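Visitor: Right, I'll just put the structure down here and ask away after.
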Amino acid sequence: MLLSFKNLKMEKSHPTSEITDNHKDDCKVTWTHPRHIFQRLITLFLMCLIGFGSYFCFDNPGALQDNFIQDLNLTTSQFVYLYSFYFWPNIVMCFIGGFLINRVFGIRLGTVIFALMVVLGQIVFAAGTYLNTLWIMILGRLIFGISAESLALSQNNYAALWFKGKARNMVFGFQMSFARFIITVNFIVMEPLYRYIKKQINFPDYQSLSIALLISSLTCVISLVSALLLAWQDKRAEKLLCRKTPDATEVVGNSDVRYFPKAFWLVTFIIVFYYSSIFPFVALGKVFFEKKYNYSSDSANLINGIIYIISSICAPIHSLVIDRTGRNLFWVFLSIFGTLVSHMLLAFTFLNPYIAMFTMGLSYSMLANALWPLISMVIPEHQMGTAFGIVQYIENHGLAVVALLSGIIVDSDGYYMLELFFCLLLSAALLLTAILWTWDSMSNGILNMSIKERNLLVSNKTSCLEKQNLLRDNDIYTQE
């Protein structure tokens with residue numbers, strides 16, 4: 001993956017290239033100007049809608065898990081193909097998606113193309129369901145997966161283009177909360193929609209299922225329309241602000257990967273082990289709650305999606321806590337431990353599952369805010385694009401493999417063994433976190449510093465650099 005870090009000097013000499021200005025500038029321009037807060041809010045709204053369809057449709061199979069298995073006569077191993085073939089193409093697309101957007105299509109055309117492919121993928125998926133043909137369904141999920149992840153990358157690029165500094169962090173957090181909220185809506189809506197269609201239309205069950213999927217594709221159409229509107233909005237802003245699209249000046253080669261520190265690889269595999277215990281669990285969770293706790297389909301979907309409800313509400317709060325306290329490794333360790341306890345409660349007890357899922361939602365939200373920033377602490381800024389590409393490559397590979405293994409485990413040994421498998425993954429993540437914490441404490445300890453300690457470290461480094469420059473200037477003066 002290639003990132004552009006050019007033109008810091010250009011931004012200083014051409015302040016009109018920055019869309020986000022201070023409050024005084026907002027007051028000077030009219031509400032129709034791209035710098036005005038009203039226009040930026042419209043842009044933020046459109047950016048969120050770009051991902052509306054992909055986030056809503058991603059977990060359509062999970063919300064209708066038992067219906068897919070019964071109506072299409074699938075095994076659980078076959079059902080998880082609908083997730084694993086979403087992840088497989090992104091092993092490659094995490095590298096070339098950014099290249100296509102930045103160098104080939106441009107952000108505006110690239111976003112529209114990927115939004116169109118999301119619509120196409122969902123329609124092909126619905127058509128495969130209507131025909132009761134698994135390979136067509138898998139093809140649809142493959143197309144959907146290729147485009148959905150690249151569309152998320154377009155969202156981030158737009159956010160970086162329109163918002164700066166703290167505003168950008170707020171926008172990223174808002175987009176994350178919106179995405180999780182939409183996934184929750186999917187779990188609440190799809191089952192009643194399927195039952196309504198089945199009741200009103202005298203079709204075979206699998207064709208009623210396909211109609212529900214086709215209706216959900218309308219959310220992807222909304223995303224496509226939003227991509228077109230945002231392209232027009234961004235083109236207009238570029239013209240009014242004389243904004244230039246930055247070019248990449250520093251490209252990181254694949255050979256640089258071997259020089260990445262050990263802490264980076266530990267963080268990467270913590271990410272893989274942790275998220276492999278979350279997404280496949282949610283994909284197969286509906287039937288688990290129906291069988292073990294005798295929940296209805298609606299109740300099972302509600303509790304299965306509660307992890308996203310909790311995380312969407314708590315993500316901004318947890319972000320604020322970490323921004324105030326630091327101590328990222330402590331929060332990562334606590335989050336993984338909380339998720340492990342949640343899976344153990346689901347595996348070994350019949351305690352009210354809302355307790356376990358509430359704990360899992362809190363832990364999932366906290367971990368996202370604490371773990372991902374660790375990458376920026378151990379990798380130089382000009383290598384960040386490559387680093388995140390490597391993380392996504394390994395993560396998607398892990399998720400695809402774990403999804404397949406999860407289906408095989410359920411078919412052969414049931415959900416109890418699946419929960420033990422997830423506990424094993426989380427135990428590995430917990431062990432790696434302990435190793436990382438030990439390694440960090442034996443070195444500079446920056447990964448688990450408080451915010452005050454990090455600020456002091458930065459100020460000391462700045463002071464030392466200034467002293468070195470002063471001594472060098474003094475030596476030059478003495479020689480003269």
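Here, each number is a calculation from the coordinates, and none is a lab measurement. Small disclaimer: the values here were computed from a predicted structure and weren't measured. Here Cβ is always computed from backbone atoms with ideal geometry, including for glycine, and neighbour counts include all displayed protein chains.
Visitor: Between V104 and F337, what is 0.36 nm times their sequence separation minus the Cα-Cα distance? Round to one decimal in nm.
Guide: Separation in residues times 0.36 nm, less the Cα-Cα distance, equals 79.5 nm.
Visitor: May I pose another question? Whose amide H sits under 5 Å from the amide H of S450, counting only residues 5 or more places off or on another chain, with H placed in the peptide plane?
Guide: Long-range HN contacts for S450: R327.
Visitor: Take the Cα atoms of region 363-456, find their three principal axes, and give me the spread along each one in whole Å, biggest first.
Guide: On the principal axes, region 363-456 reaches 55, 26, 23 Å in Cα extent.
Visitor: Using packing as a proxy for protection, rank 176-183, 356-363 so that the peptide with the highest average count of other Cβ atoms within 10 Å comes first.
Guide: Descending mean neighbour count gives 356-363, 176-183.
Visitor: Divide, for region 68-227, the radius of gyration over alpha carbons by 2.2 N^0.38 Å, where N is the residue count.
Guide: 1.14
Visitor: State, in angstrom, two size descriptors of region 65-131 derived from its alpha carbons: Rg to one decimal place and Dmax to the nearest whole number.
Guide: 15.5, 45
Visitor: Sticking with this one: Rg to Rh ratio, region 133-210, alpha-carbon atoms and Kirkwood radius?
Guide: Here the Rg-to-Rh quotient is 1.16.
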